[in-house]
1. How large is the helix-only mean residue ellipticity at 222 nm for the chain, computed as the sum of -39500 (n - 2.57) over DSSP H runs with n ≥ 4, divided by its residue count, in deg cm²/dmol to the nearest 500?
2. Could you give the angle, 0 to 90 degrees to the nearest 10, between helix 247-256's Cα long axis and the longest principal axis of the Cα atoms of the chain?
3. Using a 1.4 Å probe on the protein heavy atoms only, what accessible surface does Ile363 show? Give it in Å² to the nearest 10.
4. Of the residues Leu215, Leu417, Leu254, which exhibits the maximal mean-square fluctuation in a Gaussian network model of the chain defined by a 10 Å Cα contact cut-off?
5. Taking H as built 1.01 Å from N, whose amide H comes closer than 5 Å to the amide H of Arg136, not counting residues under 5 places away?
6. Find which of Gly34, His354, Val216 sits farthest along the positive direction of the dipole of the range 31-376, computed with +1 on the beta-carbon of Lys and Arg, -1 on that of Asp and Glu, about the Cα centre.
7. Which residues' amide hydrogens lie under 5 Å from the amide hydrogen of Ala44, considering only partners 5 or more residues apart or on another chain, with H built in the peptide plane?
8. Output the pairs from Lys234/Lys341; Lys82/Lys341; Lys171/Lys220; Lys82/Lys128; Lys128/Lys264; Lys234/Lys264 with a Cα-Cα distance over 19 Å in this structure; if there are none, say none.
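The values are calculated or read from the model by the stated rules, or taken from the named source; none is laboratory data. Because the structure is predicted, anything quoted here is derived from the model rather than measured. For neighbour counting, all protein chains shown are included, and Cβ atoms are generated from backbone atoms with ideal geometry for every residue, glycine included. When the accessible area is computed, the model is the full protein with side chains, heavy atoms only, and any ligands, DNA or RNA have been set aside. Shrake-Rupley method; radii C 1.70, N 1.55, O 1.52, S 1.80 Å.
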Amino acid sequence: MTHFPDVDRVRFEGPDTEHPLAFRYYDRNRVVLGKRMEDHARFAVCFWHSFCWPGSDVFGAGTFERPWLAAGEDALELAELKIDAAFEFLTKLGAPFFCFHDRDIAPEGDTLRESHAILDRLLERVEKAMARSGTRLLWGTANLFSHPRYAAGAATNPDPEVFAYAAAQVKHCLEATQRLGGANYVLWGGREGYETLLNTNLRRELDQLGRFLCLVAEHKQKIGFAGPLLIEPKPFEPTKHQYDHDGAAVFAFLQNYGIEREFKLNLEVNHATLAGHDFQHEVAYAMANGIFGSIDANRGDARLGWDTDQFPNDAREWALAWCEILRGGGMHSGGFNFDAKLRRQSIDATDLFHAHIGGMDAIARGLLAAEAMLADGRLQRFVDERYAGWDGALGREILAGRQSLEDLAGHVLANDLEPHPRSGRQEMLENLVSRFL
Ligand code: XUL
Ligand code: CO
């Protein structure tokens, strides 16, 4: 049985092809800076938006007619159908990885024990599909935000029984991720925040979240889960304020609880936009602090202040992000997960292919541009020269802590020194970047 009869295996045909369902830039075996494109990008398809979300929004019902989302049918049979559809899609697209929440794969049972059993049973089907297709798991995560029990938070809930429930769910999902050979485990604090400070004890909630993350790190060590734990920053939505606001806030939080070496970041483009950052900033910040982990690839809309989760299409943005990634040593356990939604009117199953193909091509095109920019070297040289003074005698002495304020005042006053400003050349550099796109 096929769920995508209109599409065969998607192939690379080059920039000039007229085929709408072919790759123009993503050529998985092409070697870029000593590594195959497939191994650089490590593309992943997510279960939740692409196979669980029916095309609903806050004003309207689902618009997608997917057989595995049919109402009133046997929930387990539908879950099996969904797994089959997802792996047919992954295979035809040629994406090497997928990502899931526990609740994407398995419907919730009447008790947590039952929910665990349903997930474990369905994972057998996932394992078989992975073995058959050669697909791997980029990361798993527990859904600690959909069920009403989590409305006031999971780890940050005023009720410790909810904390305990969330802990049990994460334990099981981390172990399930390990069972599938997952390369990372993600925590996104969707409800770890507040709607109003009027009913919130902020100090307590931060300590609860700190404790929760320590417990996850301890359990990871205990079971020998190999990959990194990743935190996914997002400033708000669904709550008014989320404690994992952006990369800098998460890093400060981790340091405060002494767990900055236990976690890295899963950076999402639209979350960076909501936090008021360019995506390049979030990648650069994570790299600079040694906490870069993985990427959720999507984009927002410049005029809409919410998480539109659109598929990426801006090669320029990705070229700049790639420059940071490649300069920082490249992608390791992470990858590019398409945490992106079709538009509600894109109702055909084939639209899922158009969306992912476009996203993979935009990111691949960005990679090729970054390769050329790095080989050219002018951008990097400009930055290096701009800071060259810090490699000289004065700069080194300051940074080594051998100059006091008095010393520096003496240095300037003794010789009446007046520094000479130099152009930052922003427009010239922007023009230079454009030449590689
Ligand atoms: C929500 C979001 C999540 C996380 C996983 O904005 O990005 O889907 O990626 O829970
Ligand atoms: Co995400």
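1. -14000 deg cm²/dmol
2. On a 0 to 90 degree scale, this one is about 90.
3. For Ile363, solvent-accessible area is about 0 Å².
4. Leu417
5. Close amide H contacts, sequence-distant or interchain: Phe97, Phe98.
6. Checked the options; the winner is Gly34.
7. Counting only residues 5 or more places away or on other chains, the set is Phe336, Asn337, Phe338.
8. With Cα atoms farther than 19 Å apart: Lys128/Lys264.
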